[in-house]
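Here is the structure we will look at.
The values are calculated or read from the model by the stated rules, or taken from the named source; none is laboratory data. Every value quoted in this text rests on a predicted model; they were computed, and no experiment measured them. Backbone-built Cβ (ideal geometry, glycine too); neighbour counts: all protein chains shown.
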Amino acid sequence: MGRVAIVTGGSRGIGAAISKSLKDAGCAVAATYAGNDEKAAAFTKETGIKTYKWDVADYGACKAGVERVEADLGPVEILVNNAGITRDAPFHKMTPEQWNQVIGTNLTGLFNMTHNVWSGMRGRKFGRVISISSINGQKGQFGQVNYSAAKAGDIGFTKALAQEGARAGITVNVIAPGYINTEMVQAVPEKVMNEVVLPAIPVGRVGEPEEIARCVVFLASDDAGFITGSTLSANGGQYLA
């Protein structure tokens, strides 16, 4: 593929799989992370992918971070908005801080990152913006009013921005994963997994991070140039939108 890519939250979980798959496809990849220096260093040692630390909820940090990446690797042609957090609570117990933290990272983070690569993509008449939403942004989830709102917003962001980018050669798409085999899902009690989660997934299993990564690699490729404004549901049939 031979392009420069940024993957936010790109050193762990689904983001790590995306970073490695884009590298395997020939991209020069920059993986961002927010706080865990030790795991980021281990990821770089394992993969050779350089990591950059900044908070996607901070516009100024995103601007400075993109500038560092472009100085190191070249103009950013692929952006994967993967960084996300959860601060779950029933709505009547949810605090403004829990709301603002999740919206700041999971929705405003898309604006902060995309806005800082958009002009360059428009000038070069090429770009790929791929955001990672969630099944819970499509169907909602108890205890996740903040997360579901942000992830639904990611889908609306994508549909609107795709219309602006199309004539400039920029595609904008979103992937909505279901249950994926990450640390968060692995923490679900076995009884809950076997009796509640898996019976709701028609294929009978959770997904693997690499399966989401393969979706990203395709949408980032030249072969996907006619696909924009789309939501790709990767949930094993759990929710059919």
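Looking at the stretch 37-61, which of its residues are closer than 15 Å to Asn116 by Cβ and touching a Gly at 6+ places or on another chain (Cβ under 8 Å)?
Tyr52, Trp54, Val56, Ala57
Anything in the stretch 114-156 that is over 20 Å from Val7 (Cα atoms) and of a type in the set (S, T, N, Q)? List them, or say none.
Across the stretch 114-156, the qualifying residues are Asn136, Gln138, Gln141, Gln144, Asn146, Ser148.
State all residues of the stretch 158-194 that are loosely packed, with under 13 Cβ neighbours inside 10 Å and over 20 Å from Thr108 (Cα atoms); if no residue qualifies, say none.
Matches in the stretch 158-194: Arg167, Glu183, Met184, Gln186, Ala187, Pro189, Glu190, Lys191, Val192, Asn194.
Just to be sure, is Asn116 under 17 Å from Lys63 (Cβ atoms) and either at pLDDT below 95 or in a helix (DSSP H, G or I) (or both)?
It is true that Asn116 is under 17 Å from Lys63 (Cβ atoms) and either at pLDDT below 95 or in a helix (DSSP H, G or I) (or both).
Any residue at all in the stretch 59-68 that's crowded, with 22+ Cβ neighbours inside 10 Å, under 17 Å from the mean Cα position of the chain (by Cα) and on the phi > 0 side of the Ramachandran plot?
no
Among residues belonging to the stretch 8-51 that are among the basic types (Lys, Arg) and touching a residue at least 40 places away in the same chain (Cβ under 8 Å), point out the one that is surrounded by the most Cβ atoms within 10 Å (Cβ to Cβ).
Filtering the stretch 8-51 for residues that are among the basic types (Lys, Arg) and touching a residue at least 40 places away in the same chain (Cβ under 8 Å), the one surrounded by the most Cβ atoms within 10 Å (Cβ to Cβ) comes out as Lys20.
Take the stretch 184-239 and flag every residue that is of a type in the set (D, E, K, R) and under 20 Å from the mean Cα position of the chain (by Cα).
Glu208, Glu210, Glu211, Arg214, Asp222
When you look at Ala42, is it part of a helix (DSSP H, G or I), more than 12 Å from the chain's Cα centre (by Cα), of a type outside the set (Phe, Trp, Tyr) and at pLDDT 95 or above, yes or no?
In short, yes.
Looking at the structure I just gave you, is Ile132 within 20 Å of Gly178 (Cα to Cα), among the β-branched types (Val, Ile, Thr), surrounded by fewer than 24 Cβ atoms within 10 Å (Cβ to Cβ) and under 19 Å from the mean Cα position of the chain (by Cα)?
no
Within the stretch 129-241, which helices (runs of 4 or more DSSP H) (wholly inside it) include 3 or more residues that are touching a residue at least 40 places away in the same chain (Cβ under 8 Å)?
Here the list reads 135-139, 145-165, 209-220.
Go over the candidates Ala83, Ala71 one by one and state the one that is over 18 Å from the mean Cα position of the chain (by Cα) and either touching a residue at least 60 places away in the same chain (Cβ under 8 Å) or surrounded by fewer than 23 Cβ atoms within 10 Å (Cβ to Cβ) (or both).
Only one candidate qualifies: Ala71.
Each row is one residue, and each column tells you yes or no for (1) within 30 Å of Thr95 (Cα to Cα); (2) acidic (Asp, Glu); (3) modelled with pLDDT of 95 or more.
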{"residue": "Gln144", "(1), (2), (3)": "yes, no, yes"}
{"residue": "Ala162", "(1), (2), (3)": "no, no, yes"}
{"residue": "Ala168", "(1), (2), (3)": "no, no, yes"}
{"residue": "Asn173", "(1), (2), (3)": "no, no, yes"}
{"residue": "Glu183", "(1), (2), (3)": "yes, yes, no"}
{"residue": "Glu208", "(1), (2), (3)": "no, yes, yes"}
{"residue": "Arg214", "(1), (2), (3)": "no, no, yes"}
{"residue": "Val217", "(1), (2), (3)": "no, no, yes"}
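Assess whether Phe111 counts as being farther than 18 Å from Gly60 by Cβ, hydrophobic (A, V, I, L, M, F, W, C) and at pLDDT 95 or above.
No, not satisfied.
Among residues belonging to the stretch 35-60 that are out of contact with any helix residue (DSSP H, G or I) (no Cβ under 8 Å at 6 or more places or on another chain) and small (Gly, Ala, Ser), point out the one that is nearest to Gly104 (Cα to Cα).
So, considering only residues that are out of contact with any helix residue (DSSP H, G or I) (no Cβ under 8 Å at 6 or more places or on another chain) and small (Gly, Ala, Ser), the one nearest to Gly104 (Cα to Cα) is Gly60.
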